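The values are calculated or read from the model by the stated rules, or taken from the named source; none is laboratory data. Just so we're clear, the structure is a prediction, and the values are computed from it rather than from any experiment. All Cβ positions, even for glycine, are placed from backbone atoms using ideal geometry, and neighbour counts span all protein chains on display.
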Amino acid sequence: MEVRAKLSENISNLSEEERFQDLFKQHYAHVVRKVLIIVKEQSIAEDIAQEVFIKLYHTDRNIIDNLTGWLTKVAVNTAYNHIRTEKRHHARKEKQEIYETDSVGSVEDRYMKLEDIHEIQETLMKLSERDRDILIMKFSGYSYEEIADSKGIEKTSIGTLLARAKKRFKSFYIKERREDT
């Protein structure tokens, strides 16, 4: 009983910075191990662990009931976000490489591509501004969260709005192609 009283007395004497440093020292290795299971690279796991502790630093720790659980959940979510971001980045990079190597085609190929681009732009202009923006952002590699933030829409609504915008685009595009033939 006496040891516990002294321990809590010592903790209460610590500054907020010192308490945070203690938490960091106690839980850092655990967070890195959890992240390493997902990302498989030590340096990336350490970077993500630091992000987790930055989030902890800016969070009111009094509202966290289970600190280890909170750290684990935030670490796993941050690791998965990192993987998704990397996948989008690589996909954009591959698209760019394909575009750069593909752009050396014949004059006829370039003309056909320009014609397709023109048709797509005309079809996009027939959509509402919101539909057009959402489609352009999604196919430019933006995440649902980024789209939601920029348009002031709930993230959970983006999937539905995208599906509806795609459907409207497709119907306009098909209708326009029928009129051309």
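State all residues of the range 20-45 that are within 24 Å of Arg84 (Cα to Cα) and buried (at least 16 other Cβ atoms within 10 Å of the Cβ); if no residue qualifies, say none.
Tyr28, Val31, Val32, Lys34, Val35, Leu36, Ile38, Val39, Ile44, Ala45
If you check Lys138 against the conditions, is it over 30 Å from His27 (Cα atoms), more than 15 Å from the chain's Cα centre (by Cα) and of a type in the set (Lys, Arg)?
When the stated conditions are applied, Lys138 does not pass them.
Can you tell me how many residues within the range 54-79 are farther than 12 Å from Phe20 by Cα, polar (S, T, N, Q) and within 21 Å of the chain's Cα centre (by Cα)?
Looking only at that region, the number is 3.
Could we say that Lys155 is under 30 Å from Ile37 (Cα atoms) and at pLDDT below 90 here?
yes
Please go through the range 116-131 and pick out each residue that is in contact (Cβ under 8 Å) with a residue 12 or more places away in the chain, charged (D, E, K, R) and closer than 20 Å to Thr160 by Cα.
Within the range 116-131, Lys126, Arg130, Asp131 meet the criteria.
With respect to Ile38, determine if the residue is closer than 27 Å to Lys138 by Cα, among the hydrophobic types (A, V, I, L, M, F, W, C), without any contact (Cβ under 8 Å) to a residue 60 or more places away in the chain and touching a Ser or Thr at 6+ places or on another chain (Cβ under 6 Å).
So Ile38 does not fit the description; no.
Go through (1) in a helix (DSSP H, G or I); (2) within 26 Å of the chain's Cα centre (by Cα) for Lys175 and report which single condition fails.
Here Lys175 meets the rest and fails (2).
Residues are listed down the side, and each one gets a yes or a no for (1) of a type outside the set (Asp, Glu); (2) more than 30 Å from Lys175 (Cα to Cα); (3) modelled with pLDDT of 90 or more:
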residue: Ile37; (1), (2), (3): yes, yes, yes
residue: Lys40; (1), (2), (3): yes, yes, yes
residue: Asp65; (1), (2), (3): no, yes, yes
residue: Gly69; (1), (2), (3): yes, yes, yes
residue: Thr78; (1), (2), (3): yes, yes, yes
residue: Asn81; (1), (2), (3): yes, yes, yes
residue: Tyr111; (1), (2), (3): yes, no, no
residue: Ser128; (1), (2), (3): yes, no, yes
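Answer yes or no as to whether Glu94 is farther than 30 Å from Ser140 by Cβ, charged (D, E, K, R) and either at pLDDT 90 or above or not in a loop (DSSP other than H, G, I, E, B) (or both).
no
Suppose we filter the range 134-152 for residues that are without any contact (Cβ under 8 Å) to a residue 12 or more places away in the chain and either closer than 19 Å to His89 by Cβ or surrounded by fewer than 16 Cβ atoms within 10 Å (Cβ to Cβ) (or both); how many remain?
Count: 7.
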